[in-house]
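What follows is one structure encoded as structure tokens, with my remarks underneath.
A short reminder: the numbers here are calculations on the coordinates, not readings from a lab. The structure displayed is predicted, hence computed values, not measured ones. Methodologically, a virtual Cβ is constructed for each residue, glycine included, from the backbone with ideal geometry; neighbour enumeration extends over all protein chains shown.
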């Protein structure tokens, strides 16, 4: 696979690393703090069930390669997950040190130390089984498909990933906040996954006839993620200066974003994308950035630890408010908001929020409709319905990642992709849905 290089002048390069890498000495010191718990709660909190005490013990003894091998054995996307996982509510959030009133083990930073060492040294940990002669199509080149393809390739099957966008990697490449991981790092991980062999990525390919895939491939995995930013459907939403938050983040990660002359901005929503967008606008120099959310602070779906950082960076919030119109002369200048109660507008109670840049972070479109037309595949509010192994109910069809879980973390996609790969392998051997 060949692709155009990323521009060195893209906007994301101005963002500092939120969690700088450990030096070898720092990593060993931190690793030595680990209690090496039996039935460790941190492992139970990890969707990919990485042997966390095991890899930390190896770091403590100076064995970075062994630590990386332990991580990748459970999660081939361990490098990106070390950067983007909300460890505060997963593994780190379950560390037993919390019960002792002490700082928890910095599991994410230790994982980054080991996986970065593997990437820098070019260590390899996987060898493909003999070719089986079976081929699997994977739709979408995001984390779920990459994890699935890697596992299938190790098992000896040939994989072809079909991606409609020009770059692989999904939201790891285009949507992760740049203070967590930049696009070039995400693409480096894609190359590392593909280095196992047996995986072809075809970009610029949009699947419009799913049934045609059945005639060419032995199984299909759907990992299409989510679609475009959702809209509010209120007057003035087409004014210049209003963008979808996911689209905005992609622009600053892959290209350039100019905020010259923007004095105030508003981000509509209360999820993690909204919080990321608020922080990015502040980092890029917008003097006043406000989050506008229909509920109160305690009702936000965005992670509290991320919002706490955003507030320290100068972000503000307008709680219990929902836009009912955007107004301005030639471009957005203000938002007419209704006061909400129980997240519903209160008739007659309105006010204005000044903003000359608005980002909408109220969700994304679901992309399962085309697959829901196939007999045996069901949708639930646009999501592809699957069982615990990712099986859709149609022979040979599996799914995972955001298109099936509605929008969770990269680590969830990695776990779902691997589970689906094992189920596909059983299917190709004549198992359950053969």
In degrees, nearest 10, range 0 to 90: what is the angle between the Cα axis of helix 272-283 and the longest Cα principal axis of the chain?
70 degrees
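What is region 229-360's relative contact order, in percent, from Cα pairs under 8 angstrom and six or more apart in sequence?
Result for region 229-360 is 31 percent.
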Report, in cubic angstrom per residue, the convex hull volume of the C-alpha atoms of region 74-162.
112 Å³
Helix-only estimate, please: 222 nm mean residue ellipticity of the chain, summing -39500 (n - 2.57) across DSSP H runs of length 4 or more and dividing by its residues, to the nearest 500.
-9500 deg cm²/dmol
By counting other Cβ atoms within 10 Å of each Cβ, how are 329, 356 ranked from fewest to most?
329, 356
Whole Å is fine, so just give me how far the alpha carbon centre of region 54-80 lies from that of region 392-424.
24 Å
Counting only C-alpha contacts under 8 Å and six or more residues apart, can you give the relative contact order of the chain as a whole percent?
17 percent
Over what distance in Å are the Cα centres of region 1-41 and region 88-129 separated?
9 Å
Please give the helix 245-254 orientation as an angle from the longest Cα principal axis of the chain, in degrees from 0 to 90, rounded to the nearest 10.
60 degrees
Could you give the distance between the Cα centres of region 234-252 and region 304-381, to the whole Å?
11 Å
By Cβ neighbour count within 10 Å, fewest first, 182, 282 rank 282, 182
Exposure proxy order (Cβ contacts within 10 Å, fewest to most) of 98, 157, 427:
98, 427, 157
Where the Cα atoms of region 229-360 are projected onto their three principal axes, how long is each span, largest first, in whole Å?
42, 38, 25
In degrees, nearest 10, range 0 to 90: what is the angle between the Cα axis of helix 410-428 and the longest Cα principal axis of the chain?
40 degrees
